[in-house]
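See below for the structure under consideration.
What follows draws every value from the coordinates through simple rules; no lab data is involved. The model shown is predicted, which means the values in this text are computed figures rather than measured ones. Virtual Cβ from ideal backbone geometry, glycine too; neighbours counted across all protein chains shown.
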Amino acid sequence: MKYLNVSFKSLLVATLISVGLVSCNDDDSDGSSSEMANLSIRMTDAPGDYDAVFIDVQGIEIQLEADDDLDATDDDGTEGSEWVTVDDVNTGIYDLLELTGGVSQLLADTEVEAGYVGQMRLILGPDNTVVVDGETKALNTPSAQQSGLKLQLNQRLEGGENYAFLLDFDVEQSIVETGNGGYNLKPVIRLSAEANAGMVVGTTVVPAALTSDVQSLVVLTGNGITVSAYTNNDGDFALNGVPAGTYDVKITPQISSGLTVYTVSDVEVRPNETTDLGEIEL
């Protein structure tokens, strides 16, 4: 039986934790020699206009398929597929807006049977909240999403290979304000394979005359792709999971700073590489 190492990383703080995967059925290995592959998954956030967004991560599952039949990825017990549950996941409540500027949280690092992976389920608990103008409000989450938010992977994982995926949690699109002043959480997550994608990083520098921190919105566009992030308190930003290609990067400082929009054109992104824009004076 083939196996692969799996690590899950979340949202832009570098901590490591090892976990194991347990099959949802009672079939154990027959003791034959195993091949190993490494897989890591990060979750990062796209920006949103909130003071904080706390997400309650409770678990992760992966659906292994008997073949490449994409029709076998439903939740109806389709023959030929099985769900494996990640043990010892680094569960907890994470503030998505704190995970910017290249910080990442490893959720799991474990072994799973190599094969074709149809889907992943990110399981959220009930303790999701949003802070708006200093007030903490509950994020109502439909029960179907508490039992597992499905993400399409659709990739064969071979023993002995390394795999990495990035989960880009889009805060702005994931939070819906209701008519009665409440908020619903309807997670929108962009999934990309890091082997086929690159990263764009940089640091914004503001005039010394400004006495307060200036947060900027950084948006990369091109080839039908849009990836965005906020700068952290040091002006650092990281745009993750960017497919190979050439893009423009627009930096918009907060309006109160009085600074103008700055654009970096023709930014080239290569697979599995980091493009560093260096210091950008606004």
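Given R₀ = 45 Å, FRET efficiency for residue 211-residue 156 by Cβ-Cβ distance, to 0.05? About 0.25, to the nearest 0.05. Taking amide hydrogens as placed 1.01 Å from N in the peptide plane, the amide H of residue 92 sits under 5 Å from those of 57, each at least 5 positions away in sequence or on another chain.
Backbone amide hydrogens, once placed in the peptide plane, bring residue 183 within less than 5 Å of 140, 178, excluding anything fewer than 5 places away on its chain.
Net charge dipole, segment 198-281: roughly 240 debye, given to the nearest 20, about the Cα centre with Cβ charges of +1 for Lys and Arg and -1 for Asp and Glu.
A simple spin-label model places the labels of residue 191 and residue 272 2.1 nm from each other, with each point 7 Å out along Cα-to-Cβ. Compactness of segment 198-281 was expressed as the Cα radius of gyration divided by 2.2 N^0.38 Å, which yields 1.07.
Only Cα pairs under 8 Å and at least 6 apart count here; give the relative contact order of segment 198-281 as a rounded whole percent. Answer for segment 198-281 is 41 percent. Protection proxy ranking, highest mean first, for peptides 170-183, 80-93: 80-93, 170-183, where packing is the per-residue count of other beta-carbon atoms within 10 Å, averaged.
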